[in-house]
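Everything below concerns the one structure shown next.
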Amino acid sequence: MPENHPVDVVVVGGGIIGLAIAWRARERGASVTVLEREEQTGSATSHVAAGMLAPVAEVEFGEAGRRLLELGLRSAELWPGFAAELSLAAAMDVELLRSGTLLLARDEDEASELERQLDFRRSLGLRVQRLLPSRARDLEPALAPTLRLALEAPDDHSVDPRTVMRALRLACLAAGVHVRERSPVAALELDGDGGRVAGVVLEDGERLPAGSIVLAAGPWTADIAGLPPEASVPVRPLKGQILRLRDPRGPGLITRVLRFEGGYLLPRGDGRYVLGATMEERGFQALPTVGGVQELLRDARELVPGVDELEIEELSVGFRPSTPDNAPAIGRGAVEGLIWATGHHRNGILLAPLTAELVAGLLDRSEVESPNEQLLAACNPGRFLTRVPTHAGASA
């Protein structure tokens, strides 16, 4: 077994969260190694994701929903600068599709719920507009004449995660991040009294010492051993089936993201569309089902009949990393040197720039006090932990 010199940071997980953190941490001068379980970084959850940047459309009732909104709005503000920096670092274009979003109702019951959603968003000070069906069809002529009501969220946009992942990998490599693929982590290694992480152990037995460990393993977080239950964040996989479609006639069927009860239809701007996504508590059951696909197509066709003319390019299954309250766990936990960056549920793409900023700040030893304490409190992993942190500087 080779003897390894410790690096400053080991990031477990090479999806959009892990690579974004690695890139930002390396910018601050840390030596960083990324460990990815698959053959290619970004080939799992991030590869399947649609790429909506939609804090307004995604906001949910309840305390966890409000905390997530705070995080989402801040990260949405970061995305234009993040994309511009990434484009320069990777020497390739990472383009935001600034199209806005329409939330749609197909019948009276859905229209009543949409009115309630409108009042809720306005109570939060969010920019959203009620549209009559005729106005919505003016904006998107492909909408069915049976549409009952629409809301417009003009500040919710989208990005292609596959483009982002290619750019992040290039940017990381150019910056000097060591990216190791086909390197699944079996366990965290703690010091003698279990109060601090010492490194990780790979499935083949190799040990990698590190000053800090960032757990960004998404839905596979719970598979990594080494922590006692009282110091672990509960993360489960939430299955989603998603279709990628193509219009042989080119772009133009729709120009905005359409969201409806049970799914969404997202344009890429080049004649390709993403239709998703189911939400299934099936563990890591990776096969698509006839029922799931039928449900997605039925709902989309009711609102956009022209979907019938699109070609199916790809049917995928992905797994969202979800916590009990569906809000992420970002920050220090109960074991010194360990930072959580997981549980992003449906918002991993949206929250990537903010997560990277928060975690890179925690890793930077020159920062005596984090300027992001309020945001860290909104996603504090401590809400799931029964073991009290013993180290200094744990987020409140």
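The values are calculated or read from the model by the stated rules, or taken from the named source; none is laboratory data. Quick caveat: nothing in here was measured; it's all calculated off a predicted structure. FYI the Cβ positions are ideal-geometry reconstructions off the backbone, even for glycines, and counts take in every protein chain you see.
Can you say whether Leu71 is in contact with a Gly (Cβ under 8 Å, 6 or more places away or on another chain) and touching a residue at least 12 places away in the same chain (Cβ under 8 Å), as far as the supplied structure shows? No: the conditions fail for Leu71. Count of segment 250-292 residues, restricted to those that are in contact (Cβ under 8 Å) with a residue 24 or more places away in the chain and either of a type outside the set (A, V, I, L, M) or over 18 Å from Ala49 (Cβ atoms) (or both), is 28. State whether one or more residues within segment 10-33 are free of Cβ contacts under 8 Å to residues at least 40 places away in the same chain, on the phi < 0 side of the Ramachandran plot and acidic (Asp, Glu). No, the conditions are met nowhere in segment 10-33. On the basis of being at negative phi and crowded, with 21+ Cβ neighbours inside 10 Å, does Ser316 make the cut? Against the criterion (at negative phi and crowded, with 21+ Cβ neighbours inside 10 Å), Ser316 does not qualify. Which one is nearest to Val56 (Cα to Cα), of the residues in segment 246-279 that are acidic (Asp, Glu) and surrounded by fewer than 18 Cβ atoms within 10 Å (Cβ to Cβ)? Filtering first and then ranking leaves Glu261. Among the residues of segment 338-359, those that are farther than 12 Å from Leu376 by Cβ and crowded, with 24+ Cβ neighbours inside 10 Å comprise Thr342, Gly343, His344, Asn347, Gly348, Ile349, Leu350, Leu351, Ala352, Pro353, Ala356. Summed over segment 299-311, the residues that are exposed (fewer than 15 other Cβ atoms within 10 Å of the Cβ) and either touching a helix residue (DSSP H, G or I) at 6+ places or on another chain (Cβ under 9 Å) or modelled with pLDDT under 95 (or both) give a count of 2. Considering (1) more than 17 Å from the chain's Cα centre (by Cα); (2) of a type outside the set (Gly, Ala, Ser); (3) not in a strand (DSSP E or B), the lone condition that Val94 does not fulfil carries the number (1).
When segment 5-46 is filtered for residues that are in contact with a Pro (Cβ under 7 Å, 6 or more places away or on another chain), at pLDDT 95 or above and surrounded by fewer than 24 Cβ atoms within 10 Å (Cβ to Cβ), only Arg37 remains. The lone criterion from (1) in the same structural domain as Pro251 (by TED's automatic domain parsing); (2) in a helix (DSSP H, G or I) left unmet by Gly72 is number (1). Among the residues of segment 18-42, the ones that are touching a helix residue (DSSP H, G or I) at 6+ places or on another chain (Cβ under 7 Å) and small (Gly, Ala, Ser) come to 5 in all.
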